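Report on the following structure.
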Amino acid sequence: MTYDVVVLGLGYVGLPLAQQATRAGLRVLGFDVKPGVVTALNAGRSHVDDLTDADVREMIGGGFRATTDETLIADAGTAVICVPTPLAEGDGPDLRAVVGATEAIGRNLRPGTLVVLESTTYPGTTDEVVRPLLEKLSGLTAGIDFHLAFSPERIDPGNERFGPRNTPKVVGGYTRACADRVAAFYGRFVDTVVRTKGTREAETAKLLENTYRHVNIALVNEMARFCHELGIDLWDVIHAASTKPFGFQAFFPGPGVGGHCIPIDPNYLSHNVRSKLGYPFRFVELAQEINATMPDYVARRAQNLLNADGQAVHGATILLLGVTYKPNIADQRESPATPLAGRLSALGATVMYHDPHVASWTVGDIEVARTDDLEGAAAAADLVILVQNHREYDADHLAGVSKRFFDTRGVTTAKEAHRL
Ligand SMILES: NC(=O)c1ccc[n+]([C@@H]2O[C@H](COP(=O)([O-])OP(=O)(O)OC[C@H]3O[C@@H](n4cnc5c(N)ncnc54)[C@H](O)[C@@H]3O)[C@@H](O)[C@H]2O)c1
């Protein structure tokens, strides 16, 4: 075998995995369907936040190379699928990329290969979608001729403390031998490997983790609304509650949930429960409803703030600070800033944004005006909304120079600021 592993899908998940494996001395091939991604990586350029160009060059120095040629998959002992799993129309799972990657492996599968699915998906995908495709295209049998496993990706982009090496890796094998093989594979470059009974348990563990966050964020988002009405500072409440050394984990309200996981993955589970069993997963559906309406709630609060001074949203200039889905990264996927800007524009506001990580920003068909003059734009705007608290922002200072400052992240202490 020329390669120890081929990583299929070189994005936020696949590239850090390839990096970790390369650093551990494995011979790593990256496969992606986007020629632009492959060309850039082979030229030493990174397209994800967590890796710099220097990191990619280090990988290339360590033997990594990227390709769009699927026949090279046959030269790897292990194939790991890290492709996107978005929502289809009607909020069902869109498994087209998983199917595409599985077919590419199936056409090139050799006896003895380990195939691992890492993409987040509904329980049963490895056994019901990936396995039959691999078997059909290769003529080989899972558990006998090749090994098959699911291992959920847990990457947290921008997290400086926990990366692919020190985040325990959950693995579920199709058979016991598959479990042994996949545990040994990740054990080469991950500190702790945790086995589940089978592939479905590993698939569901990932969905439980994301659903847990989704539901708890919805809980505090709902509380934010009534605490505001009651004149209670929820941020202070959370601070107090989180001093309990056991049985409580702090979650914080915000303008809505974003990213590729929290707003999407729990739907995979609720859709699966509904389609297989015919009843709803009520927690997920309720959390979805609450979190999805937060941008609208923030727009309403913005409207009220202007209204209190006799000013309409219509014709007001509103500056949004930070439009990515989490702080200090460039990823804008599912960012609540997008529906918020859409709502404010629909009400007639002139929306502008500042974000050191986002060079241009389009909402619907409209390119939102960008400013680099943070203080000047904050002072000139009728309202400033802190949507994402990037480390470049001194929120209290900005609240001081703004006419009105709405802090959706609870980071200000200045009394001029209005907190969510
Ligand atoms: N980004 C995260 O923080 C995160 C965290 C945990 C889990 N996940 C899960 O990991 C999976 C991948 O997410 P991501 O954020 O890395 O996506 P991404 O969009 O950053 O990268 C995916 C890559 O896969 C490529 N691709 C698409 N179809 C392909 C195919 N058929 N064959 C090969 N490559 C293909 C794309 O061109 C892209 O470069 C998803 O299931 C996601 O839910 C993501």
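The values are calculated or read from the model by the stated rules, or taken from the named source; none is laboratory data. None of the values given here were measured: they were computed from a predicted structure. Ideal geometry is used to build each Cβ from the backbone, glycine not excepted, and the neighbour counts take in all protein chains shown.
For this structure, a couple of remarks:
- Filtering the range 68-106 to residues that are surrounded by fewer than 17 Cβ atoms within 10 Å (Cβ to Cβ), within 12 Å of the ligand (Cβ to nearest atom) and modelled with pLDDT of 95 or more leaves 68, 69, 96, 99, 100, 103.
- Residue match in the range 130-152 (condition: modelled with pLDDT under 95 and more than 17 Å from the chain's Cα centre (by Cα)): no
- For the range 221-239, the criterion of a residue being within 15 Å of the ligand (Cβ to nearest atom) and in a loop (DSSP other than H, G, I, E, B) is satisfied by no position.
- Qualifying residue in the range 30-39 (condition: within 13 Å of the ligand (Cβ to nearest atom), closer than 20 Å to residue 113 by Cβ, over 22 Å from the mean Cα position of the chain (by Cα) and surrounded by fewer than 20 Cβ atoms within 10 Å (Cβ to Cβ)): no
- Positions within the range 290-327 being more than 21 Å from residue 214 (Cα to Cα) and among the polar types (S, T, N, Q), in sequence order: 303, 304, 307, 311, 317
- Hey, residue 220 within 17 Å of the chain's Cα centre (by Cα) and not acidic (Asp, Glu) or not: no
- Qualifying residue in the range 351-360 (condition: farther than 30 Å from residue 238 by Cβ, part of a loop (DSSP other than H, G, I, E, B), in the same structural domain as residue 295 (by TED's automatic domain parsing) and without any contact (Cβ under 8 Å) to a residue 60 or more places away in the chain): yes
- Beta carbons closer than 6 Å, at least 6 apart along the sequence or on distinct chains, pair a first residue in the range 20-46 that is closer than 13 Å to residue 62 by Cβ and touching a residue at least 40 places away in the same chain (Cβ under 8 Å) with a second that is within 12 Å of the ligand (Cβ to nearest atom) and part of a loop (DSSP other than H, G, I, E, B) for 20/164.
- Residue 177 vs. criteria assigned to a helix (DSSP H, G or I), surrounded by fewer than 18 Cβ atoms within 10 Å (Cβ to Cβ) and away from the ligand (no atom under 12 Å from the Cβ): yes
- Residue 54 being among the hydrophobic types (A, V, I, L, M, F, W, C), farther than 25 Å from residue 184 by Cα and away from the ligand (no atom under 15 Å from the Cβ): yes
- Among the candidates 167, 199, the residue that is hydroxyl-bearing (Ser, Thr, Tyr), touching a helix residue (DSSP H, G or I) at 6+ places or on another chain (Cβ under 8 Å) and within 16 Å of the ligand (Cβ to nearest atom) is uniquely 199.
- Residues that are over 22 Å from the mean Cα position of the chain (by Cα) and either within 12 Å of the ligand (Cβ to nearest atom) or touching a residue at least 40 places away in the same chain (Cβ under 8 Å) (or both) within the range 109-129 comprise 114, 127, listed in sequence order.
- When 69, 53, 49 are checked against the criterion of being within 17 Å of residue 12 (Cβ to Cβ) and out of contact with any Lys or Arg (no Cβ under 9 Å at 6 or more places or on another chain), a single residue qualifies: 49.
- Residue identified as in the same structural domain as residue 81 (by TED's automatic domain parsing), within 21 Å of residue 330 (Cα to Cα) and more than 12 Å from the ligand (Cβ to nearest atom) among 44, 14: 44
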